[in-house]
Structure formats: C-alpha cells, structure tokens
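Just below is one structure, and these are the notes that go with it.
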Amino acid sequence: MKGIVHIGTPKTGSTAAQSWFAQNRARMLESGILYPKSLGAHHHIKLSTACRDSGRPERGFKLFSIASPSGHQKFQADVELQFEEELKKTPLCQRVSSRVNGSMIG
C-alpha cells in the first residue's frame, strides 16, 4: 500500500488540486487511486482537525463542535475509525490526501 499526503502552503494551487481530486474521485478510484471522503469530502479538514494540538484549536474545532480536549480525543478516534472503515471497503489502491495549512502526525 502506498499513501500520498500533500500539505500545501497558501497560494500554491492546493485548493485547485483539492477541487480537481474531489470532482474526479470516481475516475481516480477506477485508476486505483483513493481520495478519501472520510477525512473530509473536499479539503480533508477532518484530518487536519484530528491532527491539530488540542491546545491550539482552529476553525475545525468550531465546525465539528469540539469544546474540550476529551472531545478532541473522541473526534480523533472517530476520524481514525471512519478512515479505517473506508479503507476496508476500498480495493487495494494508492491513497491521496491533501490539506492546505494542515498538519499530519505519522
């Protein structure tokens, strides 16, 4: 299995790439490339919110009603479970994830 994560800085075309990935999700999957919905349908904001430091909340915390460190931990577990479930349902293929101004813990 191969995973590709793109973390773009502002004004480098990341949003355009994300839009293209989201609009062509089915065609990419036919070619063996998964652009997961479970991490956020378009911009993978669930991924960046899950990876964010609980002490440094950003807009995703408000968007997903995360009000405490324990709420953030539950959100992280839920996102991980949803992603694992999506991977189980997807034939073995390459995975693509993209997020502007996001962070990823590996």
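The values are calculated or read from the model by the stated rules, or taken from the named source; none is laboratory data. Values in this document were obtained by computation on a predicted structure and should not be read as measured data. In this analysis, Cβ positions are derived from the backbone assuming ideal geometry, glycine residues included, and neighbour counts consider all displayed protein chains.
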I'm checking my understanding of the structure. Among residues of region 9-41 that are part of a loop (DSSP other than H, G, I, E, B) and among the hydrophobic types (A, V, I, L, M, F, W, C), which one is farthest from Asp78 (Cα to Cα)?
Ala41
Looking at His6 and the list (1) farther than 19 Å from Gly60 by Cα; (2) part of a strand (DSSP E or B), which single condition is not satisfied?
(1)
If you take the residues in region 27-51 that are surrounded by fewer than 19 Cβ atoms within 10 Å (Cβ to Cβ) and in contact with a Ser or Thr (Cβ under 8 Å, 6 or more places away or on another chain), which one is farthest from Glu80 (Cα to Cα)?
Leu29
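Filter region 52-76 down to residues that are of a type in the set (A, V, I, L, M) and either more than 15 Å from Gly40 (Cα to Cα) or at pLDDT 95 or above (or both) and give me whichever is surrounded by the most Cβ atoms within 10 Å (Cβ to Cβ).
First pass over region 52-76, keeping only residues of a type in the set (A, V, I, L, M): 63, 66-67.
Right, trim to either more than 15 Å from Gly40 (Cα to Cα) or at pLDDT 95 or above (or both) and you get 66-67.
Values: Ile66: 21, Ala67: 11.
Checked region 52-76; the qualifying residue surrounded by the most Cβ atoms within 10 Å (Cβ to Cβ) is Ile66.
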Identify the single condition in (1) modelled with pLDDT under 90; (2) assigned to a helix (DSSP H, G or I) that Thr49 does not satisfy, given that it satisfies every other one.
(1)
